[in-house]
């Protein structure tokens, strides 16, 4: 009985899976990284989708440890564009090798969102854009409580983001719920 279960698991591991590119966006504090980490193992070929985070890639581009805070200048538009380009490049490499990917970034600008979808089209991957939302008070509380996190977002950064238009072309998910619930909803949206 146990041998059969192991055999079935091995077969499932080798079964081809759809190639997906999932882009998560939303204001700081919506839980993009936590949600992505929760559903990544269930997307694409085993062991799951490659999760690339703008917070981590920005730190790599600046040559600092992921927990080291960057100055405000590291987040200006002319410095953010190379970060998003790097995310898309990493996703393109993964997709070209047959591995699904997750782009985890605020994706505040329409051009950033459109470029993510373009990468999926170029590589023949199914694209899902998910925009996480939560009440601003919830986001403020989450951002204020962060410790030992790669994100440098502060309550002030969140306030500035809150004035920008959101992604109306991506599916909205209520991120005020527990991470597991949001991840389950995200996975359902991806698998449509």
**OP:** List the relative contact order of the range 99-192 as a percent without decimals, with contacts defined as Cα pairs under 8 Å and 6+ residues apart.
**Re:** 34 percent
**OP:** Considering the convex hull of the alpha carbon atoms of the range 95-151, report its projected area averaged over all viewing directions, in nm², one decimal.
**Re:** 5.3 nm²
Subject >> Length added when fully stretched, residue 184-residue 156, from 0.36 nm per residue minus Cα-Cα >> reply: 7.0 nm
**OP:** Describe numerically, in nm with one decimal, the distance between label points set 7 Å from Cα along Cα→Cβ at residue 65 and at residue 1.
**Re:** 5.0 nm
Subject >> Two-decimal ratio, the range 95-192, of alpha-carbon radius of gyration to 2.2 N^0.38 Å >> reply: 1.18
Original post:
Tell me, 191, 108 in order of fewest to most beta-carbon neighbours within 10 Å?
Top reply: 191, 108
Subject >> Two-decimal Rg to Rh for the chain - Kirkwood Rh, Cα set >> reply: 0.99
**OP:** Could you pull the Cα extents of the range 136-182 along its three principal axes, largest to smallest, in whole Å?
**Re:** 31, 28, 20
Subject >> Proxy reagent accessibility, fewest Cβ within 10 Å first, across 20, 65, 174 >> reply: 65, 174, 20
Subject >> Sequence of 127, 39, 62 once ranked by neighbouring C-beta atoms within 10 Å, starting from the fewest >> reply: 62, 127, 39
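Only the coordinates and a few stated rules stand behind these numbers; no lab work does. Quick caveat: nothing in here was measured; it's all calculated off a predicted structure. In this analysis, Cβ positions are derived from the backbone assuming ideal geometry, glycine residues included, and neighbour counts consider all displayed protein chains.
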